[in-house]
Every structure is written in structure tokens, then in C-alpha cells.
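Heads up: the structure comes next, in C-alpha cells.
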Amino acid sequence: MIFGHDIAFWIAVAGATVVKLMTSPFHSLFRAVATVFAAVFSAYVFTDPVVHWLELNSETYTAPMAALLALTGEGIIRSLMAASFDPAKILEWWRGGR
């Protein structure tokens, strides 16, 4: 157990983070570090709550959910930060726009 999660969880997070870095355009070292942090943070913080909320079997779905959250977490965090700087975006998303 590492930080409360088994090795399968961390392998899934590491694999998804590598895929995320390989498929993201490289802008700078800071951007790469921020992407890795956001991926690991999203997986670590949100995996258990999402598995519980969706009422999934945690033994089966924790590692795949961690990988999914690591892949999508950075984009979600970036979108939320952009929306916090522009409240009109929140209203646009609420109405179904992009």
C-alpha cells in the first residue's frame, strides 16, 4: 500500500499519465510537471468517491477509474479554472453550450 492505494492503482495512474504526456502538445517543462501533478491529484483525490458514487465494485473498478481520472483530470481542472476566471462560461455551459 502506497498512500492508501495498492500497486495496481499506481500502475494505472502512471500509465495514464504517460499516455497523457505523450498525447499532449509539449509547451514547457512547467506545463509537463503541471500536467503530471493534475493527473496524479485527480486520480488520488477523486477515484474512491467516484467509484462509490457510481456504486461500482471497488476491487474491480478502482484501478480503471484511476486511469480514467488521470487521463481526464487535467482537462477538467483546466476547464474549471478557465470558468472561474470568466463567469459567462459557467452560464454558457449551464445552457448546454461549449
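How far, in degrees from 0 to 90, does helix 29-53 lean away from the longest principal axis of the Cα atoms of the chain, to the nearest 10? So the inclination is approximately 70 degrees.
Given +1 at the Cβ of Lys and Arg, -1 at the Cβ of Asp and Glu and no other charges, the dipole of the chain around its Cα centre is 460 debye to the nearest 20. Spin-label model, LEU54/GLU92: points 7 Å from Cα along the beta carbon direction are separated by 2.8 nm.
For the chain, a Gaussian network of Cα nodes joined below 10 Å ranks ALA14, ALA63, ALA32 by mean-square fluctuation, and the top entry is ALA32. Against the main long axis of the alpha-carbon atoms of the chain, helix 58-85 sits at an angle near 20°. Spin-label pair MET81-ILE11: with each label point 7 Å from Cα along the Cα-Cβ axis, the two points sit 3.2 nm from one another.
Any read-out appearing in this document is the output of simple, stated calculations on the displayed coordinates, not a laboratory observation. Quick caveat, the model's predicted, so the values are computed rather than measured. Heads up, the Cβs are rebuilt from the backbone with ideal geometry, glycines too, and the neighbour counts pull from every protein chain shown.
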